[in-house]
Amino acid sequence: MDVTAPRDPPNDCRGVSEILTRVGDKWTIQVVVALREQPRRFNDIKRHVAGISQQMLTRTLKTLERDGMVVRTVRDTAPPQVDYALTELGLSLSEPVRQLARWARAHLASIQDHRLRYDENR
């Protein structure tokens, strides 16, 4: 009797791979973290995400909006104000991102030590 699980169809693998590439992107992760606590305006996000260019932040926000993780709200003011906030889907991503960040902080020194030892032996 074969008890192995059926394999995912190739299209599922490609789709999952695409999503993992997107959510694993350093800018995506940092924008999700910046929006985790509250909605923010563009320049506020830019201040929270060190090193991101205006073009990359625009591209990242558009991609997250397209994927349903961020909602963009234009306020009817003069000049118009635009807020970005995580959707329920985006908030669901923020928890594993936070856990991954905790793991990285907890193991940073160990990883740096391993890198040094590896590099010394090369």
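The values are calculated or read from the model by the stated rules, or taken from the named source; none is laboratory data. What you see is a predicted model, and the numbers here were worked out from it, not measured in a lab. Neighbour counts are summed over all protein chains in view; Cβ atoms, including those assigned to glycine, are modelled from backbone coordinates with ideal geometry.
If you check 8, 83, 2, 44 for being in a loop (DSSP other than H, G, I, E, B), surrounded by 11 or more Cβ atoms within 10 Å (Cβ to Cβ) and either of a type in the set (D, E, K, R) or modelled with pLDDT under 95 (or both), only one passes: 8. Would you be able to say whether some residue in region 65-78 is touching a residue at least 12 places away in the same chain (Cβ under 8 Å) and on the phi > 0 side of the Ramachandran plot? Among the residues of region 65-78, at least one is touching a residue at least 12 places away in the same chain (Cβ under 8 Å) and on the phi > 0 side of the Ramachandran plot, which makes the answer yes. Screening 58, 73 for residues that are assigned to a strand (DSSP E or B) and either out of contact with any Cys (no Cβ under 8 Å at 6 or more places or on another chain) or under 24 Å from residue 19 (Cα atoms) (or both) leaves exactly one candidate, 73. Going through (1) assigned to a helix (DSSP H, G or I); (2) surrounded by 11 or more Cβ atoms within 10 Å (Cβ to Cβ) one by one, residue 109 falls short only on (2). Quick check, is residue 61 within 16 Å of the chain's Cα centre (by Cα) and under 19 Å from residue 95 (Cβ atoms)? When the stated conditions are applied, residue 61 does not pass them.
Table: residues versus (1) more than 11 Å from residue 27 (Cα to Cα); (2) of a type outside the set (Phe, Trp, Tyr).
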{"position": "42", "(1), (2)": "yes, no"}
{"position": "50", "(1), (2)": "no, yes"}
{"position": "55", "(1), (2)": "yes, yes"}
{"position": "61", "(1), (2)": "no, yes"}
{"position": "64", "(1), (2)": "no, yes"}
{"position": "68", "(1), (2)": "yes, yes"}
{"position": "74", "(1), (2)": "yes, yes"}
{"position": "80", "(1), (2)": "yes, yes"}
{"position": "85", "(1), (2)": "yes, yes"}
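Candidates 65, 37, 95: the one that is at pLDDT 95 or above and either part of a helix (DSSP H, G or I) or surrounded by fewer than 14 Cβ atoms within 10 Å (Cβ to Cβ) (or both) is 65.
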